[in-house]
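Below: the structure, in structure tokens.
The values are calculated or read from the model by the stated rules, or taken from the named source; none is laboratory data. Model, not experiment: these values are computed from the prediction. Glycine also receives a Cβ, built like all others from the backbone with ideal geometry; neighbour counts cover every protein chain displayed.
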Amino acid sequence: MKLLVMGPPGAGKGSQSKKLVEEYDLTSISTGEMFREAYKRGEKLGIEAMEYIKEGNLVDDDITNEIVYQRLKKKGPDSRFLLDGYPRTVKQAEALDKMLADIGSRLTAVINIVVDYDAILERMVGRRVCKSCSETYHTMFRPPNVEGVCDVCSGELYQREDDKPASVKNRLNIYESKTRPIIDYYKGRGVLVNINGMQSFEAVYSDIKRALRELRHD
Ligand code: ADP
Ligand code: AMP
């Protein structure tokens, strides 16, 4: 299975992707996570990317395409993967098509999580992430057992710089102008599935699973 999970920032892509990756045994390719990990390791790529990320801007297409290509190429045509947060521009979607053709692969499904504007704001502003293991919480909708402490590894929870109000508006504007057009790019290929994200975590997940059952897998 080769999945792409789309949706505005804060829609719940990461939360749903984590479960899908575990259940279907997929390689997770989250470009946002890759940039943040590279930053944590002090790598040049991460430090440069963070300049864009913290302001809510997109990282350069060529740089982003290259890190995805390296990951996909290593996995080969039989790989089972889930792309989360990539592609984010039509140029990236075109590059992804070329990469997949290059390794003899194609997407099984494009899952588009649809969420209201107000819910997006609420979800982004309340998101808290573990500094050590990246587990994601929400102050209201998924609070940890002990405030500020990760249930999984006892790491410290923090608010992402780009979830602060100054960056959030910019991210949403960029989503509308650069990322939303990708939905049209995938329309008509028989792989696009719209999922109602305005439901509980569990209900969104079961809708995704139902949609996947109805599509042909490889
Ligand atoms: P994305 O990866 O699309 O940016 P996340 O999965 O990180 O989104 O979710 C953003 C925030 O919203 C997180 O704090 C998460 O716990 C919360 N969240 C995700 N899905 C739901 C949901 N169905 N209901 C309520 N809160 C949710
Ligand atoms: P995410 O973790 O998916 O919310 O991504 C966090 C940030 O990383 C985004 O707001 C962008 O700044 C950057 N980023 C992640 N994926 C991409 C991408 N495909 N293209 C450009 N920038 C990206």
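Quick check, is Tyr86 assigned to a helix (DSSP H, G or I), within 19 Å of Gly10 (Cα to Cα) and within 13 Å of ligand 2 (Cβ to nearest atom)? Criteria not met by Tyr86.
Per-residue answers, yes or no, for (1) in contact (Cβ under 8 Å) with a residue 60 or more places away in the chain; (2) within 16 Å of ligand 1 (Cβ to nearest atom); (3) not polar (S, T, N, Q):
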residue	(1), (2), (3)
Phe81	yes, no, yes
Asp116	yes, yes, yes
Arg127	yes, yes, yes
Pro143	no, yes, yes
Val152	no, yes, yes
Glu161	yes, yes, yes
Val168	yes, yes, yes
Thr179	yes, yes, no
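Reported count of residues in segment 1-45, each being within 19 Å of Thr64 (Cβ to Cβ), more than 16 Å from ligand 1 (Cβ to nearest atom) and either more than 17 Å from the chain's Cα centre (by Cα) or of a type in the set (A, V, I, L, M, F, W, C) (or both), is 7.
Would it be correct to say that Val168 is crowded, with 17+ Cβ neighbours inside 10 Å, of a type in the set (A, V, I, L, M, F, W, C) and either in contact with a Phe, Trp or Tyr (Cβ under 6 Å, 6 or more places away or on another chain) or not in a strand (DSSP E or B) (or both)?
yes
Of everything in segment 63-81 that is within 13 Å of ligand 2 (Cβ to nearest atom) and either within 20 Å of Tyr185 (Cβ to Cβ) or among the basic types (Lys, Arg) (or both), the residue that is surrounded by the fewest Cβ atoms within 10 Å (Cβ to Cβ) is Tyr69. Counting residues in segment 163-170 that are more than 17 Å from the chain's Cα centre (by Cα) and at pLDDT 95 or above gives zero. The set of residues in segment 1-55 being near ligand 2 (Cβ under 8 Å from one of its atoms) and among the polar types (S, T, N, Q) consists of Ser30, Thr31. When we screen Gly104, Gly76, Gly56 for residues that are of a type in the set (Gly, Ala, Ser), touching an Asp or Glu at 6+ places or on another chain (Cβ under 8 Å) and at pLDDT below 95, the only hit is Gly56.
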